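Computed from the coordinates by the stated procedures, all read-outs in this text should not be read as laboratory data. Keep in mind the model is a prediction, meaning the values are calculated, not measured. Positions of Cβ are generated from backbone atoms using ideal geometry, with glycine treated the same way; all protein chains shown enter the neighbour counts.
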């Protein structure tokens, strides 16, 4: 029984642009799934529909195990600049009515979990791009959600920062056992991170193919330079080209 | 001391010296143009008349600014709650703003019995618009993703207002407040001129009028100096307030630190 069952979902914007044209997809509990596709193929839209931030124009999104608590990470860090890292991370708990002392403790724990112990009192302005993204991930994880939705979270970061965040994200996933859905347009990133990749066609987006990435975890930097990794990237790349041509 | 302070200071000293020199060299009588030294002397000797007048003008200015803040914020909140209210009322706020205060001040003074209240209304009319329009802009300039995030966690409209919209609007509001501070003073002075009320309870503008009638031109200049100094003080105080509130997070305050 999947966690999420997406069936023939379409989404047409008010200006008449059709972002999604009947996408279907199952998400299994506990897996790390990447949604790979070209820019503008509607993969961000798909994520927003799953999060309930928008309604599908047609099709259904079902939750056979009940709708779980979920976290969302945007393309930008999307932090409140007027308050500290700790208060930013504590926000979801505050909105849920968790008491002050408890939410501070849990937010501090979440910050430590993304490697930002000691930065509780820093303002977003004082943090680097990578650190801001870490705060954003800590905020999404502070409610201990069953499902973490990420919308190209590392796309704006430099290569070195992105690699470190990829490794740390995998480590968090293994430690915390959430279900991860990771939207990206990077073949390399999707192969490095996921157990399964769904490849989407250009707009109006639909799922064209999917492939499993059987490499074991933990995946280190060594995996990223292995022949296996290169072969999987080639395979995924070919699937993406096929989806683009179709 | 940086060049930013030294340069305008030296320019000021130079101009004052030139002014004093010209007045003496050409033997200009003080009822045409008093020299800066005489103005300073008058400021001290007439302090007993000028100080109470300054307090009157200052009181009207501050009360008008306070009223502008309260009404500006309340209206802005109302506008952000309902598009219909905004569409219905905003044009009239603009009409109030673009009508010259000198033109409507006589009407207001004629309609309202209490002179103090009519002066207050005039100064408020001039001061409230920048706060209203800036706060409306600020309440709308909220990061859409942050709004989504609040929605995702089931935030109430109240929490969204207190924790998201109001802090996001704060820099805009403070920008409007800085403009309104100066405008409230101008409004108060203009209204005093139009009212031209004498007696014990009159402000600086009336002292200027009175000095003009009596050809006490040095006192007129001294009153002018006081009004300018008050305007500058209000601006500096509001800038300081803005800096203190925004220095940890907003670009505008950070840029000033260099």
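If you take the Cα centroid of segment B:6-25 and the Cα centroid of segment A:151-230, the two points sit 71 Å apart. Per the Debye formula on identical point scatterers at the alpha carbon atoms of segment B:34-257, with no solvent, log10 I(q)/I(0) at q = 0.12, 0.13, 0.18 Å⁻¹ is -0.74, -0.83, -1.23.
Using a 10 Å cut-off around each Cβ, can you sort A:244, A:1, A:80, A:150 from fewest to most neighbouring Cβ atoms?
Arranged by neighbour count, lowest to highest, A:244, A:1, A:80, A:150 become A:1, A:244, A:80, A:150.
When B:70, A:98 are arranged by Cβ crowding within 10 Å, least crowded first, meaning fewest neighbours, the order is B:70, A:98. Taken residue by residue and averaged, Cβ atoms of other chains lying within 10 Å of the Cβ of B:25-32 number 0. Ranked for footprinting exposure by Cβ neighbours inside 10 Å, fewest first, B:243, B:250 give B:243, B:250. Label separation (residue B:78 vs residue A:18): 4.7 nm, computed from points 7 Å beyond Cα along the C-beta direction. Ranked by the mean number of other Cβ atoms within 10 Å of their residues, highest first, the peptides B:121-130, A:20-29 fall in the order B:121-130, A:20-29.
Length gained on full extension, residue A:117 to residue A:176: 19.4 nm, using 0.36 nm per residue less the C-alpha separation. Springs join every pair of Cα atoms under 10 Å in this Gaussian network model of chain A, and among A:215, A:227, A:155 the largest mean-square fluctuation is at A:227. If the chain linking residue A:210 and residue A:125 were pulled fully straight, counting 0.36 nm for each residue of separation and taking away their Cα-Cα distance, it would gain 26.6 nm. As a rough guide to protection, the peptides B:208-215, B:53-60 ranked by mean Cβ packing within 10 Å, highest first, stand as B:53-60, B:208-215.
Projecting label points 7 angstrom from Cα along Cα→Cβ for residue A:7 and residue A:96 puts them 3.0 nm apart. Packing here is the average count of other Cβ atoms within 10 Å per residue, and on that basis the peptides B:18-30, B:100-112, highest first, run B:100-112, B:18-30.
For the pair residue A:55 and residue B:51, label points projected 7 Å from Cα toward Cβ lie 7.0 nm apart. Hey, how many Å between the Cα centroid of segment A:16-53 and the Cα centroid of segment B:121-163? Measuring centre to centre over Cα atoms gives 32 Å.
When chain A is treated as a GNM, springs tying every alpha-carbon pair under 10 Å, which of A:230, A:90, A:138 comes out with the largest mean-square fluctuation? Looking only at A:230, A:90, A:138, the biggest GNM fluctuation is shown by A:230. Above 21 angstrom, tally the Cα pairs of segment A:1-151 and express them as a % of all pairs, no decimals. Within segment A:1-151, distances greater than 21 Å cover 50 percent of Cα pairs. Per-residue mean of foreign Cβ neighbours for A:68-79 is 2 (Cβ atoms of other chains, 10 Å radius).
Between B:87, B:132, B:62, find the one with the highest GNM mean-square fluctuation for chain B; connect C-alpha pairs within less than 10 Å. Result for chain B, Cα springs under 10 Å: B:87 fluctuates most. Our helix-only sum for the protein assembly as shown, with -39,500 (n - 2.57) per DSSP H run of n ≥ 4 divided by its residues, gives a mean residue ellipticity at 222 nm of -20000 deg cm²/dmol. Length available on full extension from residue B:245 to residue B:9: 0.36 nm per residue minus the Cα-Cα distance, which gives 82.1 nm. For the segment B:152-160, counting C-beta atoms of other chains within 10 Å of every residue's C-beta and taking the mean gives 4.
When the Cα convex hull of the protein assembly as shown is projected onto planes of every orientation, the mean area is 32.8 nm².
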